[in-house]
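Accompanying notes for the structure given below.
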Amino acid sequence: MTHLIAGNWKMNGSPASAKTLTSGLAAKVSAGVKAEIVLCPPAPLLAEVAATMGSGALTLGAQDCHANEKGAHTGDISAVLLKEIGCKFVIVGHSERRADHGETDAVVKAKAAAALMAGLTPIVCVGETEQQRERGETGAVITRQVQSSLPENATAANTVVAYEPVWAIGTGKTATTADIAAVHFQIREVFSALPGGAGAGALRILYGGSVKGSNAQAILATAGVNGALVGGASLDLDDFWRIIEACP
Ligand code: PGA
């Protein structure tokens, strides 16, 4: 399975920095690359990135979408429009959206369903908070999120899951590779019991949370890890490239 490396720029970047970063990456991947690379800039920069990335190994993704196809939803963006402007992926249920915008599993599930309907691959994020981890609830939280955030028609072929422990995002802390392997194994087990769960062995499960050049090799070589969702380090061309090169 080809590893998937997704760069989540979050609310960072400008037209100028998007052009510099994307053209730098496009030049590097033109020499060949083992991974599939997705760039998820803020929505106003999607067109800039699309125009700069060329037709090589880089693909475009968005950071969120609305559950509805169109309508009176000021400030929101439909999955259909994202597809039309060239996106292949959309992140849904990122912990920052769950926390900042009160997105529940049901909301995330509806967004993932909209993405699938539009022909996009949703990258559905799950992960426990520090408190939940300390209370020993990681397993229960992950099971509930996977069962409740994935639409019935999610399959290993059309959906990606990202395990992002909330306490590891932007903190410099990463889960141990043993913990990552255990949670990814669990996600695959829970997914396999869902309506579309046949062939769960082929489900791509990304790890996210302070992935950087210096720790990528160990994380990406961990059993059950099929790529990474990268925040901060995806804004630095050299560090992001080290992560891409670390793919086994
Ligand atoms: P980080 O973010 O790499 O900056 O920790 C990861 C994410 O939130 O997707």
* Asked: Can you find a residue in region 131-150 that is within 16 Å of the ligand (Cβ to nearest atom), more than 18 Å from A200 (Cα to Cα), within 16 Å of the chain's Cα centre (by Cα) and part of a helix (DSSP H, G or I)?
  -> no
For T171, the lone unmet condition from (1) surrounded by fewer than 17 Cβ atoms within 10 Å (Cβ to Cβ); (2) β-branched (V, I, T); (3) more than 16 Å from the ligand (Cβ to nearest atom) is (3)
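Does A223 count as out of contact with any helix residue (DSSP H, G or I) (no Cβ under 7 Å at 6 or more places or on another chain) and at pLDDT 95 or above?
Considered against the rule, which asks whether it is out of contact with any helix residue (DSSP H, G or I) (no Cβ under 7 Å at 6 or more places or on another chain) and at pLDDT 95 or above, A223 comes out as no.
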Selection from region 175-188 of residues over 14 Å from E128 (Cβ atoms) and either assigned to a loop (DSSP other than H, G, I, E, B) or within 10 Å of the ligand (Cβ to nearest atom) (or both) yields T176
By residue number, the members of region 81-101 that are under 15 Å from G61 (Cβ atoms) and part of a helix (DSSP H, G or I) are L81, L82, K83, E84, R97
Taking region 102-111 and the residues there that are of a type outside the set (S, T, Y) and in a loop (DSSP other than H, G, I, E, B), the one that is nearest to the ligand (Cβ to nearest atom) would be E103
Selection over region 14-41 where residues are surrounded by 17 or more Cβ atoms within 10 Å (Cβ to Cβ), part of a loop (DSSP other than H, G, I, E, B) and more than 14 Å from the ligand (Cβ to nearest atom) yields a count of 2
Flagged in region 50-76 as in a loop (DSSP other than H, G, I, E, B) and buried (at least 18 other Cβ atoms within 10 Å of the Cβ), in numbering order, are A57, Q63, D64, C65, A67
Residue count, region 219-241, condition within 15 Å of the ligand (Cβ to nearest atom) and within 20 Å of T171 (Cβ to Cβ), comes to 14
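The values are calculated or read from the model by the stated rules, or taken from the named source; none is laboratory data. For clarity, every value in this text was computed on a predicted model and none was experimentally measured. As a convention, Cβ positions derive from the backbone with ideal geometry for all residues, glycine included, and neighbour counts pool all protein chains shown.
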